[in-house]
Amino acid sequence: MKIHAADVVVTSPGRNFVTLRITTEDGLTGLGDATLNGRELAVASYLGDHIVPLLTGRDADAIEDTWQYLYRGGYWRRGPVTMAAIAAVDVALWDIKAQRAGMPLYQLLGGACRTGALAYGHASGRDIPELLDSVRAHLEAGYRAIRVQSGVPGLDSVYGVAASANGAGERYDYEPARRTARPTEEQWDTAAYLRHIPTVFEAVRAEFGPGLPLLHDGHHRMTPLQAARLGKSLEPYDLFWLEDVTPAEDQAALRLVRQHTTTPLAIGEVFNSVHDYTTLLGERLIDYVRSSVTHAGGVTGMRRVLDLAAVYGVRSGMHGPTDISPVGMAAALHLDLAVHNFGIQEYMRHSPHTLEVFRTSYRFTDGLLHPGEEPGLGVTLDDEAAARFPYAPAYLPVNRLADGTVHDW
Ligand code: CS2
Ligand code: MG
């Protein structure tokens, strides 16, 4: 069946999203997430100006050929913009193929290996009492695994810490991209952070016991030696994983970290290709791969990452903040069910406005996510609602050290 049309929908229900919609000659439509937080219009243009004109008339069933056509045919390979655009086409075509087959996508990918995908939520607090309330609230909301992010004494704002308490009934609402004419600037102090974080996990373990799976995101900010020190200092608290300890493109840096700590490591949310992982996986330097379907070339691209990871006993931990749209989240959940080497799924709950635009069939029950049994992805896009939320530029913050040096955010 041929592709009849494709259009790019940019909408901003609380935050910016880019969605590709492909329609076939017999009227099936598929959706693909193309959201790249802070650089959305680059992907919208890559799709609208350069890819959409190539899709009309192509065989909608030829998913692998289309992936290769866009990957190799584009010449300038890899990178977050290119791979998010290719991902959107790929996911939309898988959505269509599964609808045509009359089954949820996970069935087309080989069926379910598990009843649901263990999810982790985001607890945060500007101080330890607020953090403990947030952990408690996430347990009450049904999460069985929790990421812990804390303020650092002496620093005004820190990655991952909501500006207001997210206690009982509050949705963790931390949107790092801010709608300002220029990126906001934050100040960072690694030494203060390294001193403080062990006290945070000491308090969380004392309050909630040894068994609750706890995760922490270092957000790219440490040197290998600092990361090794943090990993070692957190060993008594038995983390599920320590994420993005160093700027991940320096894959070899993890050799030093790995020599000094047994704290499990997760890396890769900014990676967009299986080639980004070859050292990390080949040398078993990490325990979880973090890329998302949205940023790593779609179901086709992410499956390659997960299959290489499986060769080395490494499991999935797909990226799932609110800047992965419900379309991208649904695609992840189908893959989460279908692969053997599943680890955990990040799950920040989207805002009510977002869920007005994207109607989803996935469900979060008793700590597990399931994509639902709808044919395809199980997500529809409401154009009328989407039109009510016009795009507004938003930038992720820029981080600086006390002396003004730009640092990883
Ligand atoms: C974070 C992300 O969820 C995470 O692990 O690293 O929230 C990241 O900060 C955002 O995706 C940036 O847009
Ligand atoms: Mg992260």
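A short reminder: the numbers here are calculations on the coordinates, not readings from a lab. Bear in mind that the values here come from a model prediction, so they are computed numbers and not experimental data. Heads up, the Cβs are rebuilt from the backbone with ideal geometry, glycines too, and the neighbour counts pull from every protein chain shown.
Miscellaneous remarks
- Placing a pseudo-label 7 Å from each Cα along the Cα-to-Cβ vector at H407 and Y312 gives an inter-label distance of 2.9 nm.
- Per the Debye calculation on region 127-230 with a single equal scatterer at every Cα and no solvent contribution, log₁₀ I(q)/I(0) for q = 0.15, 0.24 Å⁻¹ amounts to -0.68, -1.46.
- The chain: Cα Rg divided by the 2.2 N^0.38 Å rule of thumb: 0.95
- Debye equation applied to the C-alpha atoms of region 309-409, log10 I(q)/I(0) at 0.14, 0.16, 0.19, 0.24 Å⁻¹: -0.70, -0.82, -0.98, -1.26
- Charging the Cβ of each Asp and Glu at -1 and of each Lys and Arg at +1, and nothing else, the dipole of the chain about its Cα centre rounds to 540 debye.
- Potential extension, D127-T365 segment - 0.36 nm per residue separation minus Cα distance: 82.7 nm
- Unit charges at the beta carbon, dipole of the chain: most positive-side option, M222, W94, P393: M222
- Phi-based couplings in Hz for region 21-26 (Karplus 6.51, -1.76, 1.60; Gly and Pro marked x): 10, 10, 10, 8, 5, 9
- Dipole of the chain [Lys/Arg +1, Asp/Glu -1 at C-beta], most positive-end residue of Y143, Q259, P375: Q259
- Positive-end residue of G320, G160, A310, charge dipole of the chain with Cβ unit charges: A310
- Dipole magnitude of region 187-304, debye to nearest 20 (Cβ charges: Lys/Arg +1, Asp/Glu -1, about Cα centre): 240
- The length gained by stretching the chain between T180 and D26 to full extension, at 0.36 nm per residue less their Cα-Cα distance, is 51.1 nm.
- Of the two radii for region 182-233, the radius of gyration is 1.04 times the Kirkwood radius, both from the alpha carbons; that is the Rg over Rh value.
- Sparse-neighbourhood loop sites, trypsin sites (Lys or Arg not before Pro) in region 39-113 - DSSP loop, at most 14 other Cβ within 10 angstrom: R77
- Computed packing ranks the peptides 17-25, 103-111, 344-352 as 17-25, 344-352, 103-111, most packed first, by mean other Cβ atoms within 10 Å.
- Extent along principal axes [Cα atoms of region 238-311; Å; largest to smallest]: 35, 23, 22
- Dividing the summed helix terms, -39500 (n - 2.57) for each DSSP H run of n ≥ 4, by the number of residues in the chain produces a 222 nm estimate of -10000 deg cm²/dmol to the nearest 500.
- Fraction in percent of alpha-carbon pairs per bin - 5 Å, region 106-182: 3, 15, 21, 18, 12, 10, 8, 7, 4, 1, 0
- Approximate spin-label separation E64-H275, in nm, with each point projected 7 Å along Cα-to-Cβ: 2.0
- Rounded Å value of the spacing that divides the Cα centres of region 204-265 and region 26-53: 35
- Charges were assigned to the Cβ only: +1 to each Lys and Arg, -1 to each Asp and Glu. The resulting dipole of region 3-104 about its Cα centre is roughly 360 debye.
- Each label was represented as a point 7 Å from its Cα along the Cα-to-Cβ direction; for R229 and A252 these points are 2.4 nm apart.
- Cα gyration tensor category, rounded, prolate or oblate, for region 3-104 with a/c compared to 1.5: oblate
- Whole-angstrom gap from region 78-152 to region 357-386, using each part's C-alpha centre: 12
- FRET E, pair A101, E384, Förster distance 41 Å, beta-carbon r, rounded to 0.05: 0.90
- Against the main long axis of the alpha-carbon atoms of the chain, helix 63-73 sits at an angle near 70°.
- Residue ranges 391-400, 46-55 sort as 46-55, 391-400 when ordered by packing (mean number of other C-beta atoms within 10 Å per residue, highest first).
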